[in-house]
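Remarks on the structure that follows.
The values are calculated or read from the model by the stated rules, or taken from the named source; none is laboratory data. Here the structure is a predicted model, which means the values were calculated and not measured. Backbone-built Cβ (ideal geometry, glycine too); neighbour counts: all protein chains shown. Areas reflect the complete protein model, heavy atoms only, side chains present, ligands, DNA and RNA absent. Shrake-Rupley method; radii C 1.70, N 1.55, O 1.52, S 1.80 Å.
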Amino acid sequence: EMLYRRLCGEACGPGCLLVPPGGIAERESTATALARSPELMAAVRVIREQSAGRLDVAALAGAACVSRRRLEELFRTRLRRSPAEAIRRQRVEHAKDLLRDPQLGLKAIAMECGLGNSRNLTRAFKAETGVSPSAWRHRCS
């Protein structure tokens with residue numbers, strides 16, 4: 001619960017002890033993976049800019065000027081997720097931001113994030129976070 005409060009931007013309360021990391025494990029960052037592949041960089045940029053619209057893997061492949069198969073391969077080998085998972089993740093991240101506004105309903109948030117309806121929003125949100133959008137909103141309010 002404390003982690004959710006911290007993720008929602010709350011300050012650390014009394015009795016909270018922040019411990020700096022003991023070490024940093026080096027791994028290939030997303031930026032490094034993108035720098036090695038202009039096609040992947042283009043695809044990730046399109047996801048960031050257009051995920052709220054009607055974006056699917058075929059359109060993403062076209063925007064990156066690669067075949068769908070090649071795009072899937074790039075995502076799997078470099079980012080360890082599929083293009084569809086990356087699109088969903090971006091949409092859910094956008095939804096998290098919108099859920100901070102208690103005036104916005106789930107249907108409006110779903111439409112704004114490119115998920116179409118509250119059922120799709122809930123399904124995608126649970127797949128990414130393990131909780132429903134309503135539960136997330138409650139924890140972050």
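Considering only protein heavy atoms, what per residue accessible area in square angstrom results for the range 46-141 with a 1.4 angstrom probe?
So the range 46-141 comes to 58 Å² accessible per residue, rounded to a whole number.
Using a basic spin-label model with each label point 7 Å from the Cα along Cα→Cβ, how many nm lie between residue 36 and residue 135?
3.7
Amide H of residue 81 versus every other amide H placed in the peptide plane: which residues, excluding those fewer than 5 positions away on the same chain, fall under 5 Å?
76
Got a sec? What order do 81, 139, 123 fall in by accessible area at 1.4 Å, biggest, i.e. largest, first?
123, 139, 81
Taking the range 33-116 as the region of interest, what is the percent of Cα-Cα pairs per 5 angstrom bin, listed from the shortest bin to the one with the maximum distance?
3, 16, 26, 21, 14, 10, 7, 3, 1
Calculate one ³J(HN,Hα) per residue across the range 69-85 by plugging θ = phi - 60° into the Karplus curve 6.51 cos²θ - 1.76 cosθ + 1.60, and present them in order as whole Hz with x for glycine and proline.
With coefficients 6.51, -1.76 and 1.60, one gets 4, 5, 4, 4, 4, 4, 4, 4, 7, 9, 10, 6, 7, 7, x, 4, 5 Hz.
Counting just the Cα atoms, what span does the range 75-141 cover along each of its three principal axes? Round to the nearest Å and put the largest first.
The principal-axis extents, from largest down, are 40, 23, 17 Å.
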